Amino acid sequence: MDTSGCTFMKVIVPVKQVPEVAEVRINPETGTLIREGVPSILNPFDEYAVEAAIQLKEKLGGEVTVVTMGPPQAKEVLLKALAMGADKAILLTDRAFAGADTWATARTLSEQIKKMEYDLVICGKQAIDGDTAQVGPEIAELLGIPQVCYVRHLEVEEDGKFVVVHRGTDEGYEVVRVKLPALLTATKGLNEPRLPNIMGIMKAKKKPLEEVTVTTLGISPDSIGLKGSPTTVRKVFAPERRKGGIKIEGTDPKAAAKKLVEFLASKGAI
Amino acid sequence: MVLIYDKEKCTGCMLCPKVCNFGAITKDGNKVRFDFDKCVLCGSCQEVCPVNAIKIERKAVDKDKIAQYKDVWVVCETAEGRVRSVAYELVTKARVLADNLREKVVAVLIGSDTSSYAESLIQQGADKVLVVDDKAFADYTTDAYTIAVTSLIAPRKPAIVLFGATGNGRDLAPRVAARLGLGLTADCTGLEIDDKRQLVQIRPAFGGNIMAEILCPYTRPQMSTVRPNVFKPRERDVSRKGTIEKVEVKINPVQIRTRVVNRVKELAEGMKPIDTADVIVCSGRGIKDPANLTLPTELAKLLDAAVGGSRPVVDAGWLPPSQQVGQSGRTVCPKLYFALGISGAIQHRIGMSSSDVIVAVNKDPEAPIFEIADFGIVGDLFEVVPAVIEELKNLQSER
Ligand SMILES: Cc1cc2nc3c(=O)[nH]c(=O)nc-3n(C[C@H](O)[C@H](O)[C@H](O)COP(=O)(O)OP(=O)(O)OC[C@H]3O[C@@H](n4cnc5c(N)ncnc54)[C@H](O)[C@@H]3O)c2cc1C
Ligand SMILES: Nc1ncnc2c1ncn2[C@@H]1O[C@H](COP(=O)(O)O)[C@@H](O)[C@H]1O
């Protein structure tokens, strides 16, 4: 590729396969997680990250590598990202990686990323299964690079050495300038992720997809997976299901409003 | 930690698959099989096995080392020169935890010109306040705050450190955890002390469809970010005494690798952020036109509420992204939540179903929002909401 006049950006995007959470439930009789029949998807926030990386490549020239740690079937989300336009994929899969909490996940991913060249690492804001939003900042720390979370807008400065981003805050956003390499976490508003087209899907299968195990990663099994996780899940349980209360139908608005205000006053809510 | 399954001993009673929360044990002929991709070594199966065919070997906990870590810390967030309300909520909760452990509550107050708030944290229940007051901390930066918090924690060895699960809290806590090699539990909604003096961290997962109890058995401090508005701050006791210690943390400008060039407020004059509001008036597609937002805004004014929107309302640009409630927006748990013209899709409910009281107004009697509303009105919001405003005005003039 001719990159003259361009800033060649190497971007790594860690992506996660997550269940469609709306459908994950607990079986009320056995108290177990029902996962059967629940479809798996590419974490929606990671789609923004992949899209951002591809747009940078299209604009400035560069290379996008997606990385996931997960079971063998997590390959599906890598294929999706490749079909969107990522160039290479890495699947970290090994029994020893399983059961990792955010710290052990970040350790594993950062060990892989340390072996690669990059200008930017873009994570999703959070994975919708655990909703922790911790893996991104933890990777940044382990790589020793700065982070900017909740990025809604991204621009690379002309010399390709700095990025200027909009970081969402409670009141609006901050315009933040940071030197590369850096880690960003992507949130809604950053872009509209594209849908892979047929050509993309066909090409994806031919793009390089490397599988990495504990041995090839060269990391001690004690520091990763369940063994390397400082936190442990003691128990899961179903939350108390909320039930509907009063429902007023067919009453004239005035009377309904009156009842509502009485109800709120009786609850001490107003 | 490893799980050892003794197939010889197993009698095939099938008790263990029934208690496994994670679907990791399946029947395999007249024995069982473990799926280690799913197993989290929680130990439920070991407990029920009548013949001790399942053994989990855990890392030995270094009791002496863990015993060196004492006290419950709260990292108190400041914004625009003030302490955020979540800090007071957490100090209140920390007091309960510390009393349980017979230890102290230490509040960490980092900011610029914010030391005057130290007293209020003591009144709220802190025994000690560590004050870091320097221009370097006027605005939040990941780098400066990480240095400050880690340099306080590392030598002083607290048993527990709590952060507010705000935007900045969730940016800072994982950075600190990774620097110190510690576990961190995100966005907790419950905290307890168990009989082993461990912190039990309770949090929703899978979009609130399940709850999990998380422990941090081998390392200290135990760290969590805690959702705002979950614990109510108790009344302050102005006679409470405590100590205030000023600590100097040196920051070299080269250590700060990000620079805030500009801050943009998107909230219209008088509009409140949804995360911290006690009351939220949220509108959905049923509001139809941005001009109609004056109606929920008027209701919000009366109740000192924040104005929120469902995703379509924010996607259309009628409200800023900071005001979106739901899975791809924010999770909120106010005392009172109005859902006006919102159908109640699961992705929306995930963000608001833990509100104390939910009121829904929707034309469609079948709208799923009614399944969780404490008070639902089937009707046109353009008729109902003005009537509610009127009633509220009447009530307020009576009071
Ligand atoms: C990955 C993902 C993430 C998502 N994240 C979010 C999120 O964060 N937040 C979110 O809200 N959604 C989210 N969604 C979208 C969600 O699935 C729904 O599409 C959305 O919540 C619907 O918004 P709504 O209720 O405002 O609109 P609709 O579903 O169109 O409902 C409008 C309602 O208004 C009622 N109505 C119309 N006119 C009136 C009137 N005059 N008076 C009274 N009632 C009236 C109608 O009966 C209807 O029930 C997400 C979806 C996906 C796939
Ligand atoms: N197993 C994983 N493999 C690759 N990336 C991950 C993994 N887990 C988390 N991430 C990345 O970290 C982000 C935040 O995840 P979490 O901290 O789990 O909410 C995700 O959006 C991903 O970009």
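The values are calculated or read from the model by the stated rules, or taken from the named source; none is laboratory data. Everything numeric in this text was worked out from a predicted model, so none of it was measured. As a convention, Cβ positions derive from the backbone with ideal geometry for all residues, glycine included, and neighbour counts pool all protein chains shown. Areas reflect the complete protein model, heavy atoms only, side chains present, ligands, DNA and RNA absent. Shrake-Rupley method; radii C 1.70, N 1.55, O 1.52, S 1.80 Å.
Taken over the stretch B:304-339, the criterion of being surrounded by fewer than 20 Cβ atoms within 10 Å (Cβ to Cβ) and in a helix (DSSP H, G or I) is satisfied by B:PRO312, B:ASP315. Note on the stretch B:317-328: residues that are within 17 Å of B:LEU340 (Cα to Cα) and within 10 Å of ligand 1 (Cβ to nearest atom) amount to 3. Once the stretch B:137-171 is narrowed to residues that are within 15 Å of ligand 2 (Cβ to nearest atom) and open to solvent by 10 Å² or more (accessible area, probe 1.4 Å), the residue that is farthest from A:ARG152 (Cα to Cα) is B:ALA165.
Residue-by-condition table, conditions (1) at negative phi; (2) open to solvent by 30 Å² or more (accessible area, probe 1.4 Å); (3) more than 7 Å from chain B (Cβ to nearest Cβ); (4) hydroxyl-bearing (Ser, Thr, Tyr):
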position: A:ILE224; (1), (2), (3), (4): yes, no, yes, no
position: A:GLY228; (1), (2), (3), (4): yes, no, yes, no
position: A:LYS235; (1), (2), (3), (4): yes, yes, no, no
position: A:ARG241; (1), (2), (3), (4): yes, yes, yes, no
position: A:ILE248; (1), (2), (3), (4): yes, no, no, no
position: A:LYS254; (1), (2), (3), (4): yes, yes, no, no
position: A:LYS259; (1), (2), (3), (4): yes, yes, yes, no
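Going by what's in this entry, would B:THR225 be described as within 22 Å of the chain's Cα centre (by Cα) and open to solvent by 20 Å² or more (accessible area, probe 1.4 Å)? No: the conditions fail for B:THR225. When the stretch B:179-196 is filtered for residues that are touching a Cys at 6+ places or on another chain (Cβ under 8 Å) and under 12 Å from B:LEU162 (Cβ atoms), only B:THR185 remains. For B:ILE350, the criteria (1) β-branched (Val, Ile, Thr); (2) open to solvent by less than 30 Å² (accessible area, probe 1.4 Å); (3) away from ligand 2 (no atom under 16 Å from the Cβ) hold in every case but one, which is (3).
The single residue among B:ILE389, B:ILE342 that is closer than 25 Å to B:ALA291 by Cα and in a helix (DSSP H, G or I) turns out to be B:ILE389. Among the residues making up the stretch A:53-89, a single one is open to solvent by 10 Å² or more (accessible area, probe 1.4 Å), within 12 Å of ligand 2 (Cβ to nearest atom) and of a type in the set (A, V, I, L, M, F, W, C): A:MET69. If you check B:ILE25, B:ILE56 for being within 22 Å of B:LEU215 (Cα to Cα), within 14 Å of another protein chain (Cβ to nearest Cβ) and either surrounded by 13 or more Cβ atoms within 10 Å (Cβ to Cβ) or acidic (Asp, Glu) (or both), only one passes: B:ILE56. For the stretch A:64-73, the condition of being within 16 Å of ligand 1 (Cβ to nearest atom) and hydroxyl-bearing (Ser, Thr, Tyr) holds for none of the residues.
For the stretch B:185-204, residues that are open to solvent by 10 Å² or more (accessible area, probe 1.4 Å) and within 7 Å of chain A (Cβ to nearest Cβ) total 2. May I ask you to verify whether B:ASP289 is out of contact with any Lys or Arg (no Cβ under 7 Å at 6 or more places or on another chain), among the acidic types (Asp, Glu), within 12 Å of ligand 1 (Cβ to nearest atom) and open to solvent by 10 Å² or more (accessible area, probe 1.4 Å)? So B:ASP289 passes the test. Take the residues of the stretch A:169-217 that are of a type in the set (Lys, Arg) and within 14 Å of another protein chain (Cβ to nearest Cβ): which is surrounded by the most Cβ atoms within 10 Å (Cβ to Cβ)? Among those residues, the one meeting the criterion is A:LYS188.
In the stretch A:8-21, the residue that is modelled with the highest pLDDT out of those that are open to solvent by 30 Å² or more (accessible area, probe 1.4 Å) and either away from ligand 1 (no atom under 16 Å from the Cβ) or at positive phi (or both) is A:LYS10.
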